[in-house]
Structure formats: C-alpha cells, structure tokens
Amino acid sequence: MSDAHRDDEHRLHHVLQQLALPPEPATAAGRLISGSGADAPLAAILRAIDETVLPRVLTFSAGTDSTLRCEIAERRIIRMEGGDALSTADAAQTAATIEAFCAGASAICLRSEIATAAAAAGEVGVSVGDLRACLDTEPAAGDLPALIDCALAESASHALAIVDRQDDGTTQEKGQSALCERLRRMDSTPASSETSGDVTRQIWIGAPSERFAVLCVSVPGRSIWMALDVEQLDDCIDIWARVG
Amino acid sequence: MAVQDRLDDLRARFPGCRIVAFADLSTGLVFAASTAERVGQERLDALCADATQQLDSAATQAVSEHVFQTQLAPAGSISIGSQVVTCVVSLPDRGAEALCMTCDRTVRVVELMRAAADVLSDLCEEA
C-alpha cells in the first residue's frame, strides 16, 4: 500500500471514528474543535481543513470577536477572508495568518457552510502539506511536555479512547466511553527497561480477537492511556518514538 | 525447518529487525537467536529479561484484567525507545515460550509480530 493510500485510509478512519462519537459540544459559533481536552488549536484547524473535500466555507472562531473565514475545497484553502484565490506560493503567508489566529486562543469553534461556488479552474489553493512545511509545528527536542502534547494530538485520530491523567488530579478523556471506563482503572506505570530520558512507552496487544491495543505513555507527573486500533499501531509507534 | 532456520527466515523478512530470540521466559533461557550482527550472550539474556519484565509487570497484569478483561497475559508487548523498538510475542494459553525481538523504528512492527506469532506457534507445536 502506498503512503498516499495509507493517508487516505487514516483520514477515512478518523472521520468514521468521529461519526461514532457523541456530538462535539456546540456553541453559537459552531462546534468546539479545540479546547476542553480536544486538540491543540493549530492541529485542530489543520485537521478540519484536511477533512474537507467538498466545497465549504469554514469559519473558525476564537473568542467572541476573532474569526477566520476560509473557503475550502479538495482539502485545500482556496481563499481566506474573501480575498484573492490562493496558490502554493501563498503558503507561508497563509500559515502565518493561521498561526497568528491561533496565538493565545484557548478554544476554537468551527462553523461549516456549503460554499455557493466551487473553486474555478486554475484556483489550486494551499494544501495542509504546504502549510505544515511553513509552520514550525515541531517543538524543540528538549521540550518534553510540548513534544507529548504534539504526539498526543497526532495520534488522537488513531485512538478509540484516551485517558490523560495528571498528578494534580486533572483527567481528560476522549473517545468511546466504555473503553475510557476501562482505561480509567489503570493508574500504574509500565515497568519497562526500555526508557528514553524520563519517558516510558509501552504497548500491549491482547488476544488475536481483540480489535484494539493499549498504549501507556508515562512521564513524571502524567500518564496517558490510549486504546488504539491495532491496524494503526505502526504509525503510533513512529509518532511516540519521536518523543524523548 | 530447524529452529535456527525459522528465526533466520523471520528476521530476513523484516529488514531492520536486529535480533530474534526464542526463549523460555519462566527460566530466562534463550534457546536460539538470529542476529543481524554478532551479539554477546549477555545481550540476549538482557533482551529476555526485558521481555519477561514487559509481560510480568504489575501494569501488564492490570491491563489484562481491567482493559482486556481476561485472566490471560497479553499476547504481545512493545516497548518503544527513541532508537529501537523491543517486542515480545507469547502464546499465553500454551506456555512460557516467547519470541523476543529488537528492531529499528522503520520496521512494520504489527506485521512482524503477526509473523512472529505464526513462527512461535509452529515452534511450540513441534516441541
């Protein structure tokens, strides 16, 4: 299977997973896609763009008076704020605009509307790949909490359930409630000898009939338990190996 | 096919797989191993000890009980390091034999573990 096919498979898998979940909290500005345990703002916006194939106008809101309006088609930003049609050459400027919008935002809401017009011929827009190339999305190697947040956001689409527990008593949960309930019972840390720095990452695979595997990422003060689709494990291993 | 040939064949199918060791985790005895480069017995023993720890830890028992909701130990465990991935495959309903593996991050680990489970099953049946 090619990487492109695998990307499509993962995207479809994520969309189907989201459909199986309870609806995200909605406000007057749309549904909440970042905040209250959801993805980081930048990751959430990029994901929303990447999952929009049919022509749509996505309006992202951060707070009461800060909005970002994007015309999307084929997973590319065709226009922002009603301006001229974008192309790959505009990727850096577009990325900077999105990054500035996300700065300081604690929650992002999304409202999606059907676009009145499809992209005209020759309007190629800016893809998420173009944006990522311009964004400084990789935290510094020594910034362990940021690396973990980044890996968590990246692997969330592969997870059936996540329980993220901090030693201060804060627990965030996402995904299928029955699996979250099982993961919530876990509080010990894996005693693997294969550690890197302060991070321990271990995966358990059950009987062949089990459709999920269990990942525990443990750092001082925090433990993350995830139930993962077995077919997505390789990607998760790659993501978490980069932490620490 | 001899045990050694099976281990060599398994490792050869996954470039980046450095060590495949067939061991009894209850005694820590490594029966046979296939390695990409020459490694000492102490490294094989350490791999076996790591595998035992992965499958016998309190966390592993809790995962079986609370998450997989079974009395059996998990069929496999993967420990992720920044450079290498260490995996162990066992047949919890059959005995303490296991295949312990060390591989690069580039290896498709799920595929490797499925192939290893087949090899282990054959080895246990023949024993």
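The values are calculated or read from the model by the stated rules, or taken from the named source; none is laboratory data. Everything quoted here is computed from the prediction, not taken from an experiment. Every residue, glycine among them, receives a Cβ derived from its backbone with ideal geometry; neighbour counts consider all protein chains shown. Only protein heavy atoms, including side chains, enter the accessible area calculation; ligands, DNA and RNA are left aside. Shrake-Rupley method; radii C 1.70, N 1.55, O 1.52, S 1.80 Å.
Considering the conditions (1) under 21 Å from B:GLN4 (Cβ atoms); (2) at the interface with chain A (Cβ under 9 Å from one of its Cβ atoms); (3) in a helix (DSSP H, G or I); (4) not charged (D, E, K, R), B:VAL89 is excluded by exactly one of them, (3). Checking region B:27-35 against the condition returns no match, with no residue being within 14 Å of another protein chain (Cβ to nearest Cβ) and modelled with pLDDT of 95 or more. With respect to (1) assigned to a helix (DSSP H, G or I); (2) at pLDDT 90 or above, the lone exception for B:ALA59 is condition (2).
Please go through region A:44-69 and give me each residue that is assigned to a strand (DSSP E or B) and under 19 Å from the mean Cα position of the chain (by Cα), ordered by number.
To start, the set of residues in region A:44-69 that are assigned to a strand (DSSP E or B) comprises A:56-62, A:66-69.
The answer is A:LEU58, A:THR59, A:PHE60, A:SER61, A:ALA62, A:LEU68.
Got at least one residue in region B:11-27 being β-branched (Val, Ile, Thr), open to solvent by less than 30 Å² (accessible area, probe 1.4 Å), in contact (Cβ under 8 Å) with a residue 60 or more places away in the chain and touching a Ser or Thr at 6+ places or on another chain (Cβ under 8 Å)?
Filtering region B:11-27 down to residues β-branched (Val, Ile, Thr) leaves B:19-20, B:27.
Still in the running and open to solvent by less than 30 Å² (accessible area, probe 1.4 Å): B:19-20.
Keeping just the survivors that are in contact (Cβ under 8 Å) with a residue 60 or more places away in the chain gives B:19-20.
Subsequent filtering for residues that are touching a Ser or Thr at 6+ places or on another chain (Cβ under 8 Å) retains B:19-20.
Looking through region B:11-27, at least one residue is β-branched (Val, Ile, Thr), open to solvent by less than 30 Å² (accessible area, probe 1.4 Å), in contact (Cβ under 8 Å) with a residue 60 or more places away in the chain and touching a Ser or Thr at 6+ places or on another chain (Cβ under 8 Å).
For region A:59-73, a tally of residues being buried (at least 22 other Cβ atoms within 10 Å of the Cβ) and modelled with pLDDT under 90 returns 1.
Counting only residues that are under 22 Å from B:ASP24 (Cβ atoms) and open to solvent by 10 Å² or more (accessible area, probe 1.4 Å), region B:59-84 holds 5 of them.
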